[in-house]
Amino acid sequence: DMSGSMESKSQNIRKLDGAINAIRQLIKVSSERGNNTQIAIVPFGESGPSCSKGYPVDQKSLDNFSAARDAKLNNYLDNLQAEEPCASTNLYEPLKKTIRFLGNSENTNFYPPEDSGKTQPRLSVILVSDGYHNKGNEAQEFQKLTALLRRNNNIIIHTLGFGLTPIELGEKYNLGRAATREDIGKGSGKVPDKEFVDKQRLAEIAKLTGGIAEFSGDAEAIAQNLQLFLNSLLGEYEITYTHPNAERGSKHQVQVVVNSQAGEPVESSPKGYTIPVFGRSLPLPVRIAMLGILSAFILLGGVLPFYLWGKRLKQEA
């Protein structure tokens, strides 16, 4: 997020500097842990009357991947860090363009042909923002994003809010409660536009895809949160379970429990499933051939001997 509020300070550090330093740490760890992690850094922000410079999200800015160990990423961050951001925040349009770009099934980098021998990569977005969607029709834009994400459910979005929480803003400006979008404004009992971060909406965006939503006003904590996202990206597992006494049509429930030495066990919600059929269906020609062989066996091994035996009995009589 290259909005003007990223120029302000959080705990004596410019927000943009804190975010970029955290991204540098993410790149460093990715280069050490990820065998083939590709990263694209996409700044976003809209120009306006008081800010001629914007950061449009388009094909060029999206299709800008580099290997995690490539020095170009840090060089690009150097250039961004030298900027004085002043754009306004539009959360939805850049995000929708990103999802459409990653969801393009004709892009063989993201969707390799089945006969290529290549594994389809995990596609993830980390959205870092210190603001809120300050354009009109916010609720409608969120619904459009929701529909788009449901059509592209292989893309995970993690969100990272950078700033004071609604509760902290409520305390700072003596609201007596958590701040909301309706409290944004100037004067007594109002929250300045540059300080409000839509924590709830960022969390809802992440939840739509099963991603992680984190929030902090501390630059060091931002780096730790990005590390958490990386652990999620590189540490996913697929668990395969074979039922020992499976019966066709039987109903069962499955639940996953993860034990950790660092804390209490984590349990998933129970989920029901039904065993429909065993094995795969044979091709039609094979089934016809098997039916023919079985019919011939029954004819020669059962019907024909009885026919001959009956004919012999009649002759003897």
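The values are calculated or read from the model by the stated rules, or taken from the named source; none is laboratory data. None of these values were measured; they are calculated from a predicted model. Because the Cβ atoms are built from the backbone with ideal geometry, glycine has one as well, and the counts that use them run over all protein chains shown. Note: areas computed on protein heavy atoms with side chains; ligands, DNA, RNA excluded. Shrake-Rupley method; radii C 1.70, N 1.55, O 1.52, S 1.80 Å.
Numerical summary
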{"read-out": "Counted residues, the range 155-182 - those being out of contact with any Gly (no Cβ under 6 Å at 6 or more places or on another chain), assigned to a strand (DSSP E or B) and closer than 21 Å to residue 15 by Cβ", "value": "4"}
{"read-out": "Unmet requirement for residue 32, which otherwise passes all of (1) more than 18 Å from residue 101 (Cα to Cα); (2) surrounded by 14 or more Cβ atoms within 10 Å (Cβ to Cβ)", "value": "(2)"}
{"read-out": "Where residue 90 falls short, out of the listed (1) in contact with a His (Cβ under 9 Å, 6 or more places away or on another chain); (2) outside any loop (DSSP other than H, G, I, E, B)", "value": "(2)"}
{"read-out": "Residue within the range 48-62 that is under 22 Å from the mean Cα position of the chain (by Cα), open to solvent by less than 20 Å² (accessible area, probe 1.4 Å) and small (Gly, Ala, Ser) present", "value": "no"}
{"read-out": "Within the range 124-164, tally of residues that are closer than 18 Å to residue 101 by Cα, touching a strand residue (DSSP E or B) at 6+ places or on another chain (Cβ under 8 Å) and either small (Gly, Ala, Ser) or surrounded by fewer than 16 Cβ atoms within 10 Å (Cβ to Cβ) (or both)", "value": "2"}
{"read-out": "Single residue of the range 105-123 satisfying the filter (over 16 Å from residue 65 (Cα atoms) and in contact with a Ser or Thr (Cβ under 8 Å, 6 or more places away or on another chain)) that is least open to solvent (accessible area, probe 1.4 Å)", "value": "112"}
{"read-out": "Restricting the range 32-54 to residues that are without any contact (Cβ under 8 Å) to a residue 60 or more places away in the chain and touching a Leu at 6+ places or on another chain (Cβ under 9 Å), the residue that is nearest to residue 234 (Cα to Cα)", "value": "39"}
{"read-out": "Residue match in the range 83-104 (condition: out of contact with any strand residue (DSSP E or B) (no Cβ under 7 Å at 6 or more places or on another chain), open to solvent by 60 Å² or more (accessible area, probe 1.4 Å) and among the aromatic types (Phe, Trp, Tyr))", "value": "no"}
{"read-out": "Scope the range 245-264; condition open to solvent by 70 Å² or more (accessible area, probe 1.4 Å) and more than 25 Å from residue 275 (Cα to Cα); matching residues", "value": "259, 261, 262, 264"}
{"read-out": "Unmet criterion (only one of (1) closer than 23 Å to residue 192 by Cβ; (2) part of a strand (DSSP E or B)) for residue 85", "value": "(2)"}
